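Step one of this worksheet: look at the structure below.
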Number of protein chains: 2
Amino acid sequence: MAKITKVSPLAPKGGFPKLPQIDGVRFSAAAAGIKYAGRTDVMLAQIDAGSAIAGAFTRSSTRSAPVLDCQSKLGSVEDDSKGFAFLVNSGNSNAFTGGVGVAAVEAITNATAKTLNLPASHIYTASTGVIGEPLPYEKITHALDGLHGALKADGIEDAARAIMTTDTFAKGASATCEIGGVEVAVAGIAKGSGMIAPDMATMLVYIFTDAKISQLGLQEMVSRLNENTFNSITVDSDTSTSDSLLVAATGTSGANVEYNETFERTLGVVMKDLAHQVVRDGEGATKFVEIRVGGATDNVDARKVAMSIANSPLVKTAIAGEDPNWGRVVMAVGKSGANADRDRLSIWFGDVLVAEDGWVSPTYVEADAAAHMKNQDLRIRVDLGLGAGHSTVWTCDLTHGYIEINADYRS
Amino acid sequence: MAKITKVSPLAPKGGFPKLPQIDGVRFSAAAAGIKYAGRTDVMLAQIDAGSAIAGAFTRSSTRSAPVLDCQSKLGSVEDDSKGFAFLVNSGNSNAFTGGVGVAAVEAITNATAKTLNLPASHIYTASTGVIGEPLPYEKITHALDGLHGALKADGIEDAARAIMTTDTFAKGASATCEIGGVEVAVAGIAKGSGMIAPDMATMLVYIFTDAKISQLGLQEMVSRLNENTFNSITVDSDTSTSDSLLVAATGTSGANVEYNETFERTLGVVMKDLAHQVVRDGEGATKFVEIRVGGATDNVDARKVAMSIANSPLVKTAIAGEDPNWGRVVMAVGKSGANADRDRLSIWFGDVLVAEDGWVSPTYVEADAAAHMKNQDLRIRVDLGLGAGHSTVWTCDLTHGYIEINADYRS
């Protein structure tokens, strides 16, 4: 396995951010010894009664037992006089583990429910790490009393660190807004894009807010925002069997945010920030790239084109080489399956118009585009010249670092 | 630009094969000086009257001017008392060159038609090399008299060499069969998968046979065979704007192969051989991988799964690392969008059953699979356990060599 010793060059400066405490949520972390030595590997978040929980999960048809369990629970809660808990371990993904995997999820949720005096249907678990190996769930259940006793309001950074696999930095983000004169806070943590053999770069995201909202209202907001945040990032086009996002709204601020656009924007800021951090920790990444597509027949086509560019190995290696290779962008548009007319296509690198009307722009000077490519954060913009459909996605470059992390080892 | 100095380790042993001469076809090559120094860069193939021409082309929506021109001509020929010609240059792809690109194709086809005394509608051209730069077509038209004078029956290897870009070896293949006591021969050449900035790994294929068949009959055969040969290979999931396949049947053997399955199999052998050679010259490739998917709901789903595995950067890097990482295969099945049931999935590396019934196989010993991964030619087999759909595709691994060729330069 490749040893990851350096923090990604794209990591936010200044380390883990100071996150606001969300009233009604407490965190703890423990070293259960699932796989890693000398570090925490289980986090517990307990969420008070009266909260709403929403989420989004991988669409993989081979998704893991914990994902299936969470999906079956979400939105079906009947007893809101009880609280909730998130229990997450790193070191083992409990994916592709057949019947024993299902039994492990049951054992963990039942034990957590008992420890916290909650219904098992209020316990959401996730696991990330090696796949195909039985999860040593007793190590987790043995740690529960300690986790319970250690719960504290300012434990969110410890939680963020406990769920890392080979992430090169812990990921946190927050935002606040005022609703009817009351300040509402949103704070979230994520892990993702590090890789450990034979793990699959699982992305896990947990977001908390003291806003007051119904489960259905929160779920609609999360599903909508998810499309333009976590579902709009790609490191290498591969999809984990375990990707999970959970959002808990405790209501403790008293501010009602049902259908509230200001709150939705605020939640969106945190989701986008965490999504970008996952890309910034992309394996081997040295460039963060925003790809904006406009002028498509519709938004679905725009997204096809944006993802085709973002996932193209030839585009991603050109970016790694700081090469303003617009020919590869034309190629990626062409293979996307979206409506496109070669002779109406315009392409910008940063603010530099590179190609228009089916050929290199008469104003194009390669040195200008080459200068943009030297930046750490890049923008590629494509206008298809056909309609009003648009889409923005984020990705990173494809470098020797990616090959080192994923090929230069034997499991 | 990365300098490519070594022949691919996957190249067929023994160099360019001895190909049978196809009666009714003559070849020549010339050094027109389009881009490269000290090598040939234009090939001409003249095909006698009474022949049938079929083909297949890239589905890219940004396809090049020569591709659009070929597509408009194929199957619409009314005068079979005339022959045909293929005129192909390397060094410049005439792609994304707007109106001047269209004019260049016209100039070349008109000049070739005049030189050979053929209708312009019987001239098929192709171009491969840098994109976005005007094709210096006068260099090609000036070379036409020389090309015409040099035509010879045994010139196919020269033709194969003239269309190479950064291919590391020239690609040829042949097969014969007996139809009604008459020997029928098929001989073909291809280029592809080498890369030159900012080229796009264009694949060009020209196949010749002395079989007798109608244009429609040949086209149906070629379209059918293409799905399981050239459309079943992938190096990096990127699609050229110029991919072109043309097949010419001269009829000079006198053997009628209309609806003839023996001939179709023989043509398929040559097409598959050339397709495999393109993968074997894949950028940075050190492993040739056959991926067989069975037990799918239908063939479309089987193909989705096979291509998802073949294009997964995580699967391809694992292969490069000789790592029997079946977890990544499960992941690729899951993200494919095809019907799949995690608990019915079986996976083999070579003949080693790795996973079954949703978990690692009880008979699995990792050393066995690891031994298979050390081979240069690998087989991965997946059974979805759902139906009778099946598909086979071929790919190569993803290595530092790919990054070197595509990222380690500035255009």
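Placing dummy labels 7 Å off each Cα toward the beta-carbon, the span from B:Asp145 to B:Glu366 is 7.0 nm. Relative contact order, whole percent, for chain A stands at 19, derived from Cα pairs under 8 Å and 6 or more residues apart. Where only DSSP H runs of four or more residues are counted, chain B gives -9000 deg cm²/dmol as its mean residue ellipticity at 222 nm, each run worth -39500 (n - 2.57).
Applying a threshold of 21 Å to the alpha-carbon distances of A:Lys13/A:Lys212; A:Lys13/A:Lys191; A:Lys191/B:Lys304; B:Lys18/B:Lys82; A:Lys191/A:Lys287 flags A:Lys13/A:Lys212; A:Lys191/B:Lys304; B:Lys18/B:Lys82 as lying beyond it. In nanometers and ordered shortest first, the copy-to-copy spacing of the A:Val100 label point, defined 7 Å from Cα toward Cβ, is 6.7. Label-point spacing for B:Pro362 across the identical copies (point 7 Å from Cα in the Cβ direction), in nm and ascending order: 7.6. Each peptide among A:230-243, B:385-398, B:139-152 gets the average number of other Cβ atoms lying within 10 Å of its residues, and from highest to lowest they stand as A:230-243, B:385-398, B:139-152. Note: relative contact order over segment B:20-172, using C-alpha pairs below 8 Å and six or more positions apart, is 34 percent.
Extending 7 Å from the Cα toward the beta-carbon at both B:Ala388 and A:Glu258 defines two label points whose distance is 5.6 nm. When DSSP beta bridges are restricted to pairs lying wholly in segment A:288-407, around 70% turn out antiparallel. Shape of the protein assembly as shown from its Cα gyration tensor (a ≥ b ≥ c, root eigenvalues): rounded if a/c is under 1.5, otherwise prolate when a/b > b/c, or oblate? Cα axes put the protein assembly as shown in the prolate bin. Note on B:Lys139: aspartates and glutamates with a C-alpha under 14 Å away, same-chain residues under 8 apart excluded, are B:Asp41.
Remark: spin-label model distance B:Ser81-B:Val100 equals 4.1 nm, labels positioned 7 Å along the Cα→Cβ axis. For the peptide A:230-239, the mean number of other protein chain Cβ atoms found within 10 angstrom of a residue's Cβ is 3.
What does the average come to when, for each residue of peptide B:305-311, you count the partner chain Cβ atoms lying within 10 Å of its Cβ?
1
Charging the Cβ of each Asp and Glu at -1 and of each Lys and Arg at +1, and nothing else, the dipole of segment B:270-411 about its Cα centre rounds to 320 debye. Take the Cβ atoms of B:Arg39 and A:Asn117, set R0 to 60 Å, and the FRET efficiency comes out at 0.15. Computed 3J(HN,Hα) for segment A:225-236, one whole-Hz value per residue from the Karplus formula 6.51 cos²θ - 1.76 cosθ + 1.60 where θ = phi - 60°, is 5, 4, 4, 9, 10, 5, 7, 10, 10, 8, 9, 9, glycine and proline marked x.
Using a 10 Å cut-off around each Cβ, can you sort A:Ile179, B:Ile309 from fewest to most neighbouring Cβ atoms?
Arranged by neighbour count, lowest to highest, A:Ile179, B:Ile309 become A:Ile179, B:Ile309.
When both bridge partners sit in the protein assembly as shown, DSSP labels roughly 70% of those beta bridges antiparallel. Residues considered: B:Tyr137, B:Tyr206, B:Tyr36. Largest GNM mean-square fluctuation over chain B, using C-alpha springs under 10 Å, is found at B:Tyr36. For the residues of A:125-131, the average number of beta carbons from a partner chain within 10 Å of their own beta carbon is 1. Counting only DSSP beta bridges with both residues in chain A, the antiparallel share comes to about 70 percent.
Rounded to the nearest Å, what's the spacing between the alpha carbon centres of segment B:360-411 and segment B:219-237? Just the number, please. Segment B:360-411 and segment B:219-237 have Cα centres spaced 20 Å from each other.
Applying the Karplus relation 6.51 cos²θ - 1.76 cosθ + 1.60 with θ = phi - 60° to segment A:96-108 yields 3J(HN,Hα) values of 6, 10, x, x, 5, x, 5, 5, 5, 4, 4, 4, 5 Hz, where x marks Gly and Pro.
Which one, A:Ala32, A:Gly337, B:Pro134, projects farthest toward the positive side of the charge dipole computed for the protein assembly as shown from Cβ point charges (K/R +1, D/E -1)? Comparing the listed Cα positions along the dipole, A:Ala32 ranks first. Each part gets one Cα centre, and for segment A:1-64 versus segment A:108-148 those centres are 15 Å apart. Across identical copies of the chain, B:Pro9 has label-point separations of 2.9 nm, listed in ascending order, with the point defined 7 angstrom from Cα along Cα→Cβ. For segment B:293-301, 3J(HN,Hα) computed residue by residue from phi via the Karplus equation (6.51, -1.76, 1.60; θ = phi - 60°) reads 10, x, x, 7, 4, 8, 5, 5, 5 Hz, glycine and proline entered as x. Protection proxy ranking for B:361-367, B:217-223, using the average of other Cβ atoms within 10 Å per residue and placing the highest first: B:217-223, B:361-367.
Values quoted throughout were computed directly from the atomic coordinates according to the rules given, and no laboratory measurement underlies them. Predicted, not measured: the structure shown is a model, and the values here were computed from it. So basically every Cβ, Gly included, is an ideal-geometry build from the backbone, and we count neighbours across all protein chains shown.
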